[in-house]
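First the structure, in the form of C-alpha cells, and then the observations on it.
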Amino acid sequence: MLDTCLCSPALSVCDSLDDQDLDALLAGLGSLSHFATPPLKDGVTVEVNEVLGDESEDDDDANSLDYSRIARHFADQTSNTPFTHLHHDTTLIQDILSRAQLPPELLAISFNILRLYASHAAPNPNHNERNILPTDLLAVTALALAASYTHDHPPKTSWWAREICCARFSSSEIDHAKLHILLTVDWALLRLSTPEAIEHATEILFSPLAPLPAQIIMGAREAAGAPPALKRVVLAPLKIAIGTSLCATWAEGQLTPADTPLGSPLDVPRAYFLPLL
C-alpha cells in the first residue's frame, strides 16, 4: 500500500500565493496609515499640564544671584591672614560660585561652614604662608561639604577639581581640606544646616539691606571676630525640604499636576529634617 501525502487545502487566498504575488496583493491593499484608528473601548481623556519642578526654580534662583556680593562675604571669612588679598580672593571665589551654580540654601550652609571655621581656626603667630589653605580652596571645599551633607548623590570630588576648580586643585587636596575643615569645626554640620542657621545666613548673603563685608569688617575684628548681630527676617519656606515640590503624579487613575496632599501633619517636619540626617 502506497502512502500518499495530500496537500492541505488553502485557508485563504493569500496562502496559495508566491512571494511576488503576495507582495503585489499587499501593495494593492494600501498602507496602514490610510485606515482609521478604532475607538477605545472606554473613552478616557488624560490632560497633562506642564509643571515647573524644583530644578528649574533652583536654576532661576541661581542665575539671579549676585555672586560678586556673595563672594565678598565668603572672602571676608577666609581672608583673615596677612598673606591674603581681599580683592583677589573675591575674584577667585566669584568664579567658583558662578561655575558651581548652587541653590541659595547650599550657599548659606557653605557660608556657615566658613564662618564657623574662621572663628575656630585660632591664629598662630608662627604660621607661614605654605601652612595656610588658599581662600579659593576653602570656598570650594565648603561648597563640596554642603552639597555632600544635604544630597544623597553629591558630585564627586573629581568633578569639583576638574569642573569647578579647573584643575587648580587636585581631588586629594580637596579631600584633605574637607577633613581639615571638619576637624576644625568639630564635625558640627548639623547645627549649621538647621532652618534657623540657613535663614540667618540667607539674610546676610542675599538681603540688599545687609551691610557688605567692607562696612562691617572693622567692627567685627574689634569684637574679637564675632559676627555682626543682624535683624532676622522671616523668609519663605526653605527649598531644602524635599517632598514639597510641584510634580505630576498618578493617584487613583488620575494625573494630578499639583502637590499630593500630605498623609498627616507629621509629614511636614519629616520632609524638612530627612535631608539633614
- Task: Identify, from the list I113, I132, I109, the residue that is aliphatic (A, V, I, L, M), in the same structural domain as S172 (by TED's automatic domain parsing) and modelled with pLDDT under 90.
- Result: I132
- If you take the residues in region 189-222 that are closer than 18 Å to T78 by Cβ and small (G, A, S), which one is modelled with the lowest pLDDT? A220
- Message: Can you find a residue that is assigned to a helix (DSSP H, G or I), at pLDDT 60 or above and closer than 21 Å to W159 by Cβ anywhere in region 46-57?
- Response: no
- Message: Considering only residues that are of a type outside the set (A, V, I, L, M) and out of contact with any His (no Cβ under 8 Å at 6 or more places or on another chain), which ones fall in region 174-188?
- Response: D175, H176, K178, H180, W187
- L183 being at pLDDT 90 or above, loosely packed, with under 12 Cβ neighbours inside 10 Å and either touching a Gly at 6+ places or on another chain (Cβ under 6 Å) or part of a helix (DSSP H, G or I) (or both): yes
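The values are calculated or read from the model by the stated rules, or taken from the named source; none is laboratory data. As the structure is a computational prediction, the values presented were derived from the model and not from experiment. Reconstructed Cβ throughout: ideal geometry from the backbone, glycine too, with neighbour counts over all protein chains shown.
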